[in-house]
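Asker: Okay, handing you the structure first.
FYI, it's all coordinate maths here, none of it is from the lab. Remember, it's a predicted structure, so these values are computed and weren't measured experimentally. All Cβ positions, even for glycine, are placed from backbone atoms using ideal geometry, and neighbour counts span all protein chains on display.
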Amino acid sequence: MSYEESAQYYDSFDTKGNSAFYVDIASRSEGKVLELGAGTGRVLFEIAALGREVVGIDNSPAMLREAKRKRREDHADICARCRFVLADMLSFDLGERFAFVYAASAAVQTPSADDLRGIFRNAADHLEPGGVFAFDVAAPRTMRRTEAFGPERAELPGGRVVIRFIAQTYRPSTDTVSFDILYKEHIPGRTSTVTVNETGQAAVITPEAIEEAIEYAGLRINEMYGDFDRTPYTGKSPYIVVLAGHGE
Ligand SMILES: C[S@@+](CC[C@H](N)C(=O)[O-])C[C@H]1O[C@@H](n2cnc3c(N)ncnc32)[C@H](O)[C@@H]1O
């Protein structure tokens, strides 16, 4: 997903409720923090507010533009601690290591489950000894379905109102899901609405695929949950949430 026109709406539909989980883990460590797929900096700014130095990488220029706008307009007091880098999590080298590396809101859930190995290898290369690597993905149960969501409504500054619909289509032949997202924005004083379409694809990721890729990357799974309240993962869980570290 490019987020080219929809980055401006991203935070308005934040129903993920996962920032407290990542902020809590960050607060238990000391040292620099790296987010893979940082998007608009939704979680990153909360961690920076703890007094931590944070770096966010993302391959969407539009999402990073939005993150930098927020840094300038909403977080000027902590801007010196927040760095954003345009980079692909499959191939990047920042030349530094971090105490906490994380990827929130299924940022590692690319169109191919095979990408996990490379992403985790890069995460491992940027993780300090004793550091924590955390991420979440949507669980297979929620991915292997064809369904539609919405409409959801959000209010934006200036009296603007945006409505979002999501269509999710599961393709068993490739074990992937495609998303079609439609935003309709009403701007006060105008009779016509603005329409924005986004499409994207994501692979189904199983606990087994995660275990295999984590081992490949020389990491070890320390905790695995099925939700951000730390309930254990079962086949009925909405998410797979993992905390990992360097292996022996
Ligand atoms: C669902 S958003 C999550 C954003 C943020 N982590 C959050 O929780 O609000 C996924 C983000 O991952 C980014 N992303 C996807 N694939 C990426 C890749 N290969 N390298 C870097 N960023 C990527 C997208 O551009 C997007 O900003």
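Asker: Helix-only mean residue ellipticity at 222 nm, the chain, DSSP H runs n ≥ 4 weighted -39,500 (n - 2.57), per residue, nearest 500. What is it?
Answerer: Taking each H run of at least 4 residues, the total per residue is -6000 deg cm²/dmol.
Asker: Can you give the Kirkwood hydrodynamic radius of the stretch 70-144 from its Cα pairs, in Å with one decimal?
Answerer: Averaging 1/r across every pair of different Cα atoms and inverting gives 14.3 Å.
Asker: Provide the FRET efficiency to the nearest 0.05 for the Thr199-Tyr170 pair, computing r from the beta carbons and using R0 = 22 Å.
Answerer: 0.90
Asker: Let's test the formula: R0 of 35 Å, r as the Cβ-Cβ distance of Thr234 and Asp125. What FRET efficiency results, to the nearest 0.05?
Answerer: Given R0 = 35 Å and the Cβ-Cβ separation, E is 0.60.
Asker: I want to verify the translational diffusion coefficient of the stretch 142-203 in µm²/s; compute it with Stokes-Einstein, Rh as the Kirkwood radius over Cα pairs, at 20 °C and 1.002 mPa s.
Answerer: Approximately 166 µm²/s, per Stokes-Einstein.
Asker: Between Arg190 and Glu215, what's the calculated FRET efficiency when r is the beta-carbon distance and R0 is 51 Å? Round to 0.05.
Answerer: 0.40
Asker: Can I ask one more? Per the Debye formula with a single identical scatterer at each Cα and no solvent contribution, what log10 I(q)/I(0) holds for the stretch 1-87 at q = 0.15, 0.22 Å⁻¹?
Answerer: -0.50, -1.09
Asker: Expressed in whole Å with the largest first, what are the equivalent ellipsoid semi-axes of the stretch 96-180 derived from the C-alpha gyration tensor as the square root of 5 times each eigenvalue?
Answerer: 31, 22, 9
Asker: Next up: Per q in 0.14, 0.16, 0.30 Å⁻¹, report the Debye log10 I(q)/I(0) for the stretch 192-236, using one uniform scatterer on each alpha carbon and no solvent.
Answerer: For the requested q values the scattering log ratios are -0.55, -0.64, -1.12.
Asker: Please state, rounded to one decimal and in Å, the Kirkwood hydrodynamic radius that the chain gives when every pair of distinct Cα atoms enters the mean of 1/r.
Answerer: 18.7 Å
Asker: While we're looking at this one, here's another question. When the C-alpha atoms of the stretch 10-60 are aligned to their principal axes, what extent does each axis show, in angstrom, from largest down?
Answerer: The principal-axis extents, from largest down, are 30, 23, 14 Å.
Asker: Relative to a virtual label point 7 Å from the Cα of Glu152 in the Cα→beta-carbon direction, which members of the stretch 57-72 show backbone nitrogen distances below 19 Å?
Answerer: It comes to 63, 67, nothing else.
Asker: Report the residue, chosen from Glu53, Glu198, Glu152, that carries the largest GNM mean-square fluctuation when the chain is represented by alpha-carbon nodes joined by springs under 10 Å.
Answerer: Its mean-square fluctuation being the largest, the pick is Glu152.
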